[in-house]
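Chemist: Before I ask anything, let me first share the structure, which is written out below as structure tokens.
The values are calculated or read from the model by the stated rules, or taken from the named source; none is laboratory data. The model shown is predicted, which means the values in this text are computed figures rather than measured ones. Don't worry about glycine lacking a Cβ; one is built from the backbone with ideal geometry, like all the others, and counts go over all protein chains shown.
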Amino acid sequence: MKHKNLIFLSIYLFLQSFLFGFGEVVVDGSTKTGYLLGGKTSGVDYSCNNESLNKTDINGTFYYKNDCNITFSLNNQVILGSIKANKIPADYKLYLTDFVGDNRLDTANQYVTNLASVLQSLDRDRDDLNRSTKLNGIEINSSDINYGTINIGDFTSSDTLENDILKQQYPNRSLISDDCAMEYVEEILREDGFYVDNFPPCKPILVYPDEINATSNNITYIDLIGEKNSKIFLNGIDTNKTINRYGKYYEFPLQATLRRNTFNTYNITLVDNTGKSSEPLVLRIFNDTDQPFIVDENITMSKASSFSFTTIDDSLQNGLSVKYEIFGGIDSDKFKINNQNKLEFIGNFIGAFNITIKVIDKANHYDTKNIIVNVVN
């Protein structure tokens with residue numbers, strides 16, 4: 001009989017640990033599982049009745065008990081908000097709007113906007129050119145945060161949020177705009193069946209921002225990221241193209257003018273199904289039809305210095321740049337192109353050397369040239 005009781009007890013404990021390990025609610029009165037921002041935010045600290053517990057994991061998971069007053073923070077210093085356990089909704093998902101009341105659709109609340117802006121701006125892999133938050137969720141490295149105690153609810157100015165919080169950890173970042181921050185929050189709510197649309201779409205961004213400064217093609221194709229199902233307008237005209245349900249549009253066409261070696265300007269906006277329009281993404285693309293030409297043939301440089309090549313190209317006269325590469329030559333192993341796009345000598349002995357240099361402009365036109373390099377002390 002004792003053996004049977006031990007077997008039943010073992011099975012019971014196994015089932016309890018199994019359920020807990022997979023994030024399910026165990027039983028009323030014991031540990032429960034919730035998901036911050038619909039399961040999209042990791043690395044946020046949380047505590048129960050001022051007792052620090054853990055950080056949200058990759059699924060935004062946090063654990064709590066019925067008697068908890070749960071406080072979410074960044075390194076237990078930047079206070080995001082608190083909520084009593086009995087106020088956590090029945091679906092166990094905690095959205096930013098749940099911090100300010102019972103109305104999950106209250107996305108226009110400034111406190112919610114502040115939370116959204118700070119969290120997305122602190123996202124570890126975010127930068128100003130790639131809104132990766134939108135694709136990968138928010139990942140906070142809160143252990144690096146050391147501000148002293150700050151409560152997000154006390155802030156009324158985005159400038160103060162930027163200077164007092166964001167730039168303490170990421171000096172070169174700017175606070176993400178309200179529209180971009182709240183587009184992400186509202187999209188999460190809509191995905192979970194709550195229709196809300198108080199904010200216009202965020203300004204569209206390019207998937208590959210550095211590849212379209214110039215082109216020699218009549219049509220340039222770009223890939224866009226933007227609010228799901230929003231319409232794409234080009235220079236104020238509806239293109240009858242729509243951002244897909246994954247938040248992207250591939251190979252959006254930009255028609256060049258017939259004028260050679262001039263800039264074409266494109267204003268791209270997104271319009272949602274309520275007619276709200278985003279800020280424009282403005283692109284200036286140089287219609288480059290000329291091939292660059294390297295002037296240098298026989299050069300002299302100091303062993304300890306670097307050398308700047310001279311190239312003739314219309315794009316250079318219009319503020320664009322070219323890139324140099326060592327393309328070959330019997331002495332190519334004795335030189336390199338440094339981070340300043342200049343030639344450096346890395347050999348051991350001075351003398352005359354033969355290398356081949358390649359120059360490439362932003363439209364991928366190129367020129368190659370055999371160059372004699374005289375290296376002196």
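Chemist: Taking only the range 40-57 into account, find how many residues are touching a helix residue (DSSP H, G or I) at 6+ places or on another chain (Cβ under 9 Å) and in contact (Cβ under 8 Å) with a residue 40 or more places away in the chain.
Modeler: Total meeting the criteria: 6.
To keep it simple, each residue is scored yes or no on (1) touching a strand residue (DSSP E or B) at 6+ places or on another chain (Cβ under 8 Å); (2) in contact (Cβ under 8 Å) with a residue 40 or more places away in the chain; (3) among the aliphatic types (A, V, I, L, M).
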| position | (1), (2), (3) |
| --- | --- |
| MET182 | no, yes, yes |
| ASP192 | yes, yes, no |
| PRO200 | yes, yes, no |
| LYS203 | yes, yes, no |
| SER216 | yes, yes, no |
| TYR249 | yes, no, no |
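Chemist: Here's a follow-up. Quick test for you: out of THR265, THR269, pick the one residue that is in a strand (DSSP E or B), at pLDDT 95 or above and either under 27 Å from the mean Cα position of the chain (by Cα) or surrounded by fewer than 17 Cβ atoms within 10 Å (Cβ to Cβ) (or both).
Modeler: None of the other options fit; the residue is THR269.
Chemist: So which residues in the range 319-338 are surrounded by fewer than 16 Cβ atoms within 10 Å (Cβ to Cβ), within 35 Å of the chain's Cα centre (by Cα) and in a loop (DSSP other than H, G, I, E, B)?
Modeler: GLY319, SER321, ASN338
Chemist: Name the single residue that is surrounded by the fewest Cβ atoms within 10 Å (Cβ to Cβ) among those in the range 45-57 being under 28 Å from GLU191 (Cβ atoms) and modelled with pLDDT of 85 or more.
Modeler: ASN54
Chemist: Taking the condition among the charged types (D, E, K, R), under 26 Å from ARG190 (Cα atoms) and in contact (Cβ under 8 Å) with a residue 12 or more places away in the chain, does LYS84 pass?
Modeler: Yes.
Chemist: Among the residues of the range 198-218, is any of a type in the set (Phe, Trp, Tyr), at pLDDT 85 or above, touching a helix residue (DSSP H, G or I) at 6+ places or on another chain (Cβ under 8 Å) and closer than 17 Å to ASN109 by Cα?
Modeler: The answer is yes, given that some residue of the range 198-218 is of a type in the set (Phe, Trp, Tyr), at pLDDT 85 or above, touching a helix residue (DSSP H, G or I) at 6+ places or on another chain (Cβ under 8 Å) and closer than 17 Å to ASN109 by Cα.
Chemist: Going through ALA352, ALA304 one at a time, which residue ends up being part of a strand (DSSP E or B) and either within 30 Å of TYR266 (Cβ to Cβ) or hydrophobic (A, V, I, L, M, F, W, C) (or both)?
Modeler: Just a single option satisfies the conditions, and that option is ALA352.
Chemist: Taking the condition in contact with a Phe, Trp or Tyr (Cβ under 9 Å, 6 or more places away or on another chain) and surrounded by fewer than 14 Cβ atoms within 10 Å (Cβ to Cβ), does SER308 pass?
Modeler: no
Chemist: Let me ask something else about it. Output the number of residues of the range 232-254 satisfying the condition of being of a type in the set (D, E, K, R) and part of a loop (DSSP other than H, G, I, E, B).
Modeler: Number satisfying all stated conditions: 1.
Chemist: Another one. Could you run through the range 343-362 and say how many residues are in contact with a helix residue (DSSP H, G or I) (Cβ under 7 Å, 6 or more places away or on another chain) and among the aliphatic types (A, V, I, L, M)?
Modeler: Adding up the residues that qualify gives 2.
Chemist: Now for a separate question. I'd like the residue in the range 339-363 that is of a type in the set (S, T, N, Q) and surrounded by 13 or more Cβ atoms within 10 Å (Cβ to Cβ) and, out of all such residues, is nearest to ASP288 (Cα to Cα).
Modeler: Result: ASN341.
Chemist: What's the total number of residues in the range 58-81 that are more than 21 Å from GLU186 (Cβ to Cβ), out of contact with any Cys (no Cβ under 9 Å at 6 or more places or on another chain) and at pLDDT below 90?
Modeler: Result for the range 58-81: 9.
Chemist: Tell me yes or no: at least one residue of the range 342-357 is among the hydrophobic types (A, V, I, L, M, F, W, C) and either under 31 Å from the mean Cα position of the chain (by Cα) or under 19 Å from SER216 (Cα atoms) (or both).
Modeler: no
One line per residue, one yes/no per condition, for (1) surrounded by 14 or more Cβ atoms within 10 Å (Cβ to Cβ); (2) within 21 Å of the chain's Cα centre (by Cα); (3) not polar (S, T, N, Q); (4) not assigned by TED's automatic domain parsing to the domain that holds TYR366:
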| site | (1), (2), (3), (4) |
| --- | --- |
| ASN151 | no, no, no, yes |
| ASP154 | no, no, yes, yes |
| LYS167 | yes, yes, yes, yes |
| PRO171 | no, yes, yes, yes |
| ASP179 | yes, yes, yes, yes |
| GLU183 | yes, yes, yes, yes |
| ASN213 | yes, yes, no, yes |
| GLY226 | yes, yes, yes, yes |
| ASN229 | yes, yes, no, yes |
